[in-house]
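Okay, so here's the structure we're looking at.
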Amino acid sequence: MAMYMLAFIAFALDLARRSADVTAAATKAAATASTLEATEARGEIVSGRPVTTLARTDSDAPQVQARHSPVLRVALALTVLGFLLHLVATITRGVAAGRVPWANMYEFALTGTLLIIAVYLVVLLRIDLRFLGTFITGLVLALLGIAAVDYYVEIMPLPPALQSAWLVVHVFVASAGTAFFALGFALSVLQLVQHRREVGGEDLTKLRLKFLATLPTAAHLENLAYRTNIVGFILWTFTLIAGAIWAERSWGRYWGWDTKEVWTFIIWVIYAGYIHARATRGWRGSRSAWLAIIGFLAVMFNFSVVNLFFKGLHAYSGL
């Protein structure tokens, strides 16, 4: 957690540097525009053509190419170091328990957050999403903090229903699906903010979000979120199917309308609706982003509230 906290700070400093770059670019653009206007006022010719008046609006923030900075490299190095320590913690928990380390809420949080960082680092090999570092490390730091304070339990034997090979497959795939949904959630939130900036519906410069001018457009962020959520949806579909098979072997039925089963299906329906609406109904932009955000919030509700406050056959929080 200490490494993730330092990485979070370093990523935040990178965003601050991006904001400074945007401010400098805006100042330079304003100076250039003033020079051109002064030239036009004198009736001079530039590049063999008359100078025309430049159309500008306050919402047209300059698109600035993000620079590679030492602080960003430090942030990534700290994230990798945090991931390695996180991996060691997860493995040693499993070794101490003599089983896979995801049999209760604390262990699921430990493994789930590890996979969020793992998915983020793997995606970085193909797509430059370093601008999400603050969001991802901050989310993982918060979830680990809650798990350490509220969910920690000592190692205990597995209940009979969990003594199955399906524990390895079902829960791990669910954790991996959650990791992809978390990345899609981060992209969707950023998409909404970027969209507001682009349409000029809100003066985001007052919120010190000038760094948005260095990030991809809202449409590109939406496409990235869509692709990420599709992977998560495929994994979640397998989670639902594997859970039904495991339930039949443990309790003699595929489906019993248990609270956990119902919420897992609700999450599947939300993301299925998100993919279908975007693909066939043209639900793009803010509406698709909100569906993705609602889907991830449902995942968090299923993990926390359902596990803690609803009784059922899936009451394996260990608390």
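If I model a spin label as a point 7 Å beyond the Cα along the Cα-Cβ vector, how far apart are those points for Ser69 and Thr92 in nm?
In this crude spin-label approximation the distance works out to 3.5 nm.
Arranged from highest to lowest average of other beta-carbon atoms within 10 Å per residue, in what order do the peptides 245-254, 282-291, 187-196 appear?
Highest mean packing first, the order is 187-196, 282-291, 245-254.
Just the Cα atoms of segment 168-318, one point each, no solvent: what log10 I(q)/I(0) does Debye give at q = 0.17 Å⁻¹?
With no solvent term, the Cα-only Debye profile gives -0.94.
Work out how much length Leu85 to Tyr254 would gain on full extension: take 0.36 nm times their residue separation and subtract the Cα-Cα distance, in nm to one decimal.
Separation in residues times 0.36 nm, less the Cα-Cα distance, equals 57.0 nm.
What ranking do 164-174, 110-120 get when scored by the average of other Cβ atoms within 10 Å per residue, highest first?
With the highest mean Cβ count within 10 Å placed first, the list reads 110-120, 164-174.
So for segment 239-311, averaging the separation of alpha carbon pairs under 8 Å that are six or more residues apart and normalising by length, what relative contact order in percent results?
Dividing the mean separation by the residue count of segment 239-311 yields 31 percent.
Roughly how many debye, to the nearest 20, is the charge dipole of segment 184-301 about its Cα centre, given +1 on each Lys and Arg Cβ, -1 on each Asp and Glu Cβ, and no other charges? Please report the intermediate quantities before stating the final value.
Working: 13 positive and 7 negative charges, 55 e Å.
That gives a dipole near 260 debye.
Compute the distance in nm between two label points, each set 7 Å from the Cα along the Cα-to-Cβ direction, one at Ala12 and one at Val168.
So the two model labels end up 4.2 nm from each other.
None of the figures in this text is laboratory data; all of them are computed from the coordinates on show. Quantities reported herein were computed from a predicted structural model and do not represent experimental measurements. Heads up, the Cβs are rebuilt from the backbone with ideal geometry, glycines too, and the neighbour counts pull from every protein chain shown.
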